[in-house]
1. Pop out the carbon and sulfur fraction of the accessible area of segment B:196-239 as a percent, whole number, probe 1.4 Å.
2. Quick check on chain A: helices-only [θ] at 222 nm, where DSSP H runs of length 4 and up contribute -39,500 (n - 2.57) each and the sum goes over total residues. Nearest 500, please.
3. Would you calculate the separation in nanometres between label points at B:V117 and B:L248, each defined as 7 Å from the Cα along the Cα-to-beta-carbon direction?
4. Identify which of A:Q102, A:Q68, A:Q121 has the largest mean-square fluctuation in a Gaussian network model of chain A, with springs joining Cα atoms closer than 10 Å.
5. Give the aspartates and glutamates whose C-alpha is closer than 12 Å to that of A:K153, dropping any in the same chain fewer than 8 places away, or say none.
6. Have a look at A:I164, A:I252, A:I107 and tell me which one the Gaussian network model of chain A (Cα, springs below 10 Å) gives the largest fluctuation.
7. Under 17 Å from the Cα of B:K224, which lysines turn up, not counting those fewer than eight places away in the same chain?
8. Could you pull the Cα extents of segment A:122-238 along its three principal axes, largest to smallest, in whole Å?
Amino acid sequence: MTEYNFAYLDEQTKRMIRRAILKGLAIPGYQVPFASREMPMPYGWGTGGVQVSAAVLTPKDTFKVIDQGADDTTNAVSIRTFFQRTAGVATTTTTSDATVIQTRHRIPEEPLHEGQILVYQVPIPEPLRFLEPRESETRKMHSLEEYGLMHVKLYEDISRHGHIATSYAYPVKVEGRYVMDPSPIPKFDNPKLGDMAAIQLFGAGREQRIYALPPYTQVVSLDFEDHPFEASKADHPCGMCGATDSYLDELIIDDAGGRMFVCSDTDYCEVRQAAGHKRKDAA
Amino acid sequence: MTPLLSVQGITKRYGTHIGCADVSFDLYPGEVMGIVGESGSGKSTLLNCMAGHLTPDAGQVVFDTRTDGPHDTITMSEPERRMLGRTDWAFVHQHARDGLRIGVSAGGNVGERLMAVGERNYGDIREKATDWLGRVEIDASRVDDRPTTFSGGMQQRLQIARNLVTGPRLVFMDEPTGGLDVSVQARLLDLLRGLVRDMGLSAIIVTHDLAVVRLLADRLMVMKTGRVVEAGLTDQVLDDPQHAYSQLLVSSVLQV
Ligand SMILES: [Zn+2]
């Protein structure tokens with residue numbers, strides 16, 4: 001029988017991570033270095049998010065994990081099970097019941113409320129990396145607010161595609177100061193980042209960075225005057241619940257290449273279906 | 001008249017080796033200063049000290065800023081100096097690749113400085129970039145092409161456009177024609193001369209090529225082992241060099 005410390009990490013490590021989180025909350029959007037620990041799962045599985053969750057969970061919390069909006073992927077199930085075992089916390093798939101939500105690639109459709117914490121898994125925390133690989137230089141750009149390069153990236157997008165084609169990890173400016181990568185959420189979710197009632201924490205395990213947005217933080221998606229930011233999504237209603245306001249995944253539903261658009265947020269879709277919402281027609 | 005740039009006693013040592021020693025001169029608006037010497041003469045060290053890429057051990061580099069008048073750029077804060085580097089100053093590297101973003105289109109390369117100073121209208125940025133490509137004789141149809149698809153001469157012209165787009169008042173050039181074929185050099189020199197004249201640019205050009213300074217520089221400094229051994233009007237120095245080393249330099253060119 002293996003004895004785990006609460007939420008797997010030892011108390012000293014959790015204190016170190018909490019200090020990084022508090023610093024992140026004090027300087028919204030600023031990437032705080034932290035000493036990432038080995039976790040019993042590979043890096044691609046969100047070890048940064050897992051460490052942040054481990055540092056903020058308390059025995060009374062109710063924990064939810066979503067992966068691309070779904071609670072039932074292998075990744076989501078394994079992280080949920082991990083904290084069930086190591087922290088003994090209650091788990092849920094219902095967004096409004098959760099106190100801590102760890103997510104990969106989505107923000108829940110249902111607006112979060114005060115007291116909730118949303119923990120993002122981040123693969124690449126540095127938004128300037130695309131054009132400036134030197135870490136020493138990107139750090140200087142952040143400290144001196146030299147963000148022209150971020151617009152060069154968007155310029156390239158427009159010159160190549162006729163519009164800003166960046167649809168995931170769309171860069172934002174936080175409180176008029178730090179430019180931040182919101183992790184690979186679809187840009188449809190970007191407007192939810194700002195003015196959110198919940199605390200948002202971002203953990204990058206391999207890159208050893210934590211950053212944060214305290215509640216009700218101003219978050220603006222970068223754009224051009226003549227190419228304004230648009231929170232786009234597929235122009236369909238959900239094929240299961242008929243929702244027209246949620247982010248949709250496209251599914252192949254039969255061998256003939258038939259397709260259906262459904263809510264990527266499975267909890268949102270199920271709650272709507274349970275409340276009697278159905279797709280409008282069978283077209 | 002206030003000098004645009006006043007360099008006083010610039011000294012840079014590398015351990016016991018002298019990079020450049022006690023260099024002083026004034027550059028007035030619209031003037032082009034050439035700095036010639038062999039490799040190892042200290043001309044590149046001096047250029048990098050003036051442009052803020054190296055910190056000299058002694059001396060001042062006083063620039064007449066637009067907003068605050070003369071300021072020592074060596075003691076000014078790093079954000080101020082970097083801002084100067086994106087606005088009133090420009091730096092043309094010998095190797096275009098050092099001065100370009102190789103993974104970014106020609107238009108993006110030219111537009112970067114505009115975006116760095118806050119321009120946020122894509123159409124305007126693209127129009128200015130296209131206009132500048134024309135001014136350095138790059139066809140507008142290449143605006144979305146990456147510099148990797150450009151010839152060496154085109155890359156160098158693109159680097160120049162990228163530097164001049166914000167209308168800098170002072171351009172530092174480090175061997176701007178180095179490494180290019182002779183015919184390409186001639187075209188680039190013609191272009192540079194036109195731009196300097198049309199824009200009333202002030203420039204400091206470091207080169208070992210006396211043809212470059214003959215064509216572009218109003219005044220000349222000859223450097224040897226870190227020190228200025230002779231300075232004067234370009235034609236005067238080239239036609240009637242006084243210092244033995246200048247005479248050697250000029251005569252060696254005549255033999256080529
Ligand atoms: Zn649905």
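1. Roughly 47 percent of what the probe reaches on segment B:196-239 is carbon or sulfur.
2. -8000 deg cm²/dmol
3. Taking the two extended label points, one gets 4.4 nm.
4. Checking each option, the largest mean-square fluctuation is seen for A:Q68.
5. A:K153 reaches A:E132, A:D223, B:E112.
6. A:I252
7. Answer for B:K224, where 17 Å is the Cα cut-off: B:K12, B:K43, listed by chain and number.
8. Principal extents (largest minus smallest coordinate, Cα): 43, 36, 26 Å.
The values are calculated or read from the model by the stated rules, or taken from the named source; none is laboratory data. Model, not experiment: these values are computed from the prediction. Note that we place each Cβ from the backbone using ideal geometry, even for glycine, and neighbour counts take in every protein chain shown. In case anyone asks, the SASA skips ligands and DNA or RNA and just uses the protein heavy atoms, side chains included. Shrake-Rupley method; radii C 1.70, N 1.55, O 1.52, S 1.80 Å.
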